[in-house]
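What follows is calculated from the coordinates using simple rules that are stated; it is not laboratory data. Fair warning: this is a prediction, and the values are worked out from it, not measured in the lab. Here the Cβ positions follow ideal geometry from the backbone for every residue, glycine too, while neighbour counts run over all protein chains shown.
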Amino acid sequence: MLNMSAAQDNPGRGPLIMGLTWSFAVLATITVGLRFYIRVELNNRPSLDDWLIAVALIFNFVSQSFVSVGFTYGLGKHDANLQPNQLINILKWMWLANTPGLLVAITARLSIAMLLVRLFGKVHKWLKWFLVVVSGLCTILTAIIIPCTFLQTTPVSGNWNPFQPSKRWNPMIYISLAFLTQSLWTFTDLMFVLFPVIIIWRLQMSLGKRISLILLMSASLLTMSVSILKTISLQHIANQQADPTATDVQYESSITILWSCLEQAFVIIMGCVPALGSFTKLKTAQPLLTSLDSVLRLINPFKRSIVNRAAKGNGTNSRDYEDLEMPKAISGWRDGLYGPALDKSLSSLEGNPLGGCSTATRNDYNYV
């Protein structure tokens, strides 16, 4: 009797799921807040991609809240340690968390795609249309899978109540659709890294600058990795559902909730990382940069001041892509490999019909 009571009190994976997912949800909130703060401080209006990432953050909190309610019923415990009412409520809130989770995934990725189009689409038309097509496919699949989440079982409550008589689709229909959608998202995350890195590597800039920019963009690889883990877990769920002898389905499915919530937070964070590069241009950042500069110069007294580098351009084309930032005002784009095309396209962003850029420095090429 004592052993049975101890087993029922064992929270299983629940605390791990709550601790990790809420930690990254808070981190995602901080990055979105910094993104808007930097825009306001640099006297720029938030654009559509900013508002989309904010909407994604709201959906993420809705999804995270539903998962938290499920935790109060015993999410993450072994099925044998749960009462039927607990199991029903866990499955219910896991199911309800699925829809806002899907909306997080698509809105955040649309935000990133729009941002990449703003960065590179004027010059690289092929990239613009590739992003449009892939984002369109992701949106269509998401629009299909959301209603299927509820319509696959009649009545709807049969989705989370295994004890209720209900009429169900073949479960492999939904699993296959979810697997296809998740695989496309994973592919999209890879493309969000690969194409910008290829473009950046061809720019005329120092090796160190290239590597730093690539590392910045490659942060999305973390999102892709979690997306792959989620895809693998979906296959595991399919195997569990196909096995009539499976007895711990909820417990095994809880790991998918973990990957889903982490993916949602990561895609929001990675969508904000490039914009945070403009933090060095804020007056409030100068004391921090000065302190960091002092430490670096103690390590290497011949190293050029990072404060000066943040305040001045170095007269090369690499500055035009500094911190992967969006154009606010540019001068002297007519030299270099992409000079003429960039000069023309970026002037159109400035609303200059004559195709010229003026009244600025290269460091004004910023994200926000």
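Projecting each Cα onto the charge dipole of the range 1-150 (Lys/Arg +1, Asp/Glu -1 at the beta carbon, about the Cα centre), which of THR31, VAL69, PHE59 comes out farthest on the positive side? Farthest along the dipole direction, towards plus: THR31. Other residues lying with their Cβ under 14 Å from the Cβ of LEU151 contribute a combined charge of +2, Lys and Arg counting +1, Asp and Glu -1.
Ranked by how many other Cβ atoms sit within 10 Å of their own Cβ, fewest first, the residues ASP49, ASP189, ASP79 fall in the order ASP79, ASP49, ASP189. Using a simple spin-label model with pseudo-atoms 7 Å out from Cα toward Cβ, TRP126 and VAL40 lie 4.2 nm apart. For the range 52-98, relative contact order (Cα pairs under 8 Å, six or more residues apart, normalised by length) works out to 48 percent.
Residue exposure proxy: LYS122, LYS230, LYS167, ordered by other Cβ atoms within 10 angstrom of their Cβ from fewest to most, comes out as LYS167, LYS122, LYS230. Using a simple spin-label model with pseudo-atoms 7 Å out from Cα toward Cβ, HIS236 and SER68 lie 2.6 nm apart.
Full extension of the chain between ALA143 and PHE61 yields a length gain of 27.5 nm, computed as 0.36 nm times the residue separation minus the alpha carbon distance.
Between ILE30 and VAL249, the FRET efficiency from the beta-carbon distance, with R0 = 41 Å, is close to 0.70.
With 0.36 nm allotted per residue and the present C-alpha distance subtracted, the TRP51-TRP201 stretch has 51.0 nm of extension available. Residue order for TRP126, TRP51, TRP93, fewest other beta carbons within 10 angstrom first, comes to TRP126, TRP51, TRP93. The stretch between LEU16 and VAL133 holds 38.4 nm of extra length on full extension. This uses 0.36 nm per residue minus the Cα-Cα distance.
Kirkwood radius, the range 2-272, all distinct C-alpha pairs, inverse of mean reciprocal distance: 19.9 Å. Each other residue within a Cβ distance under 10 Å of PRO46 adds +1 if Lys or Arg and -1 if Asp or Glu, for a net charge of +1.
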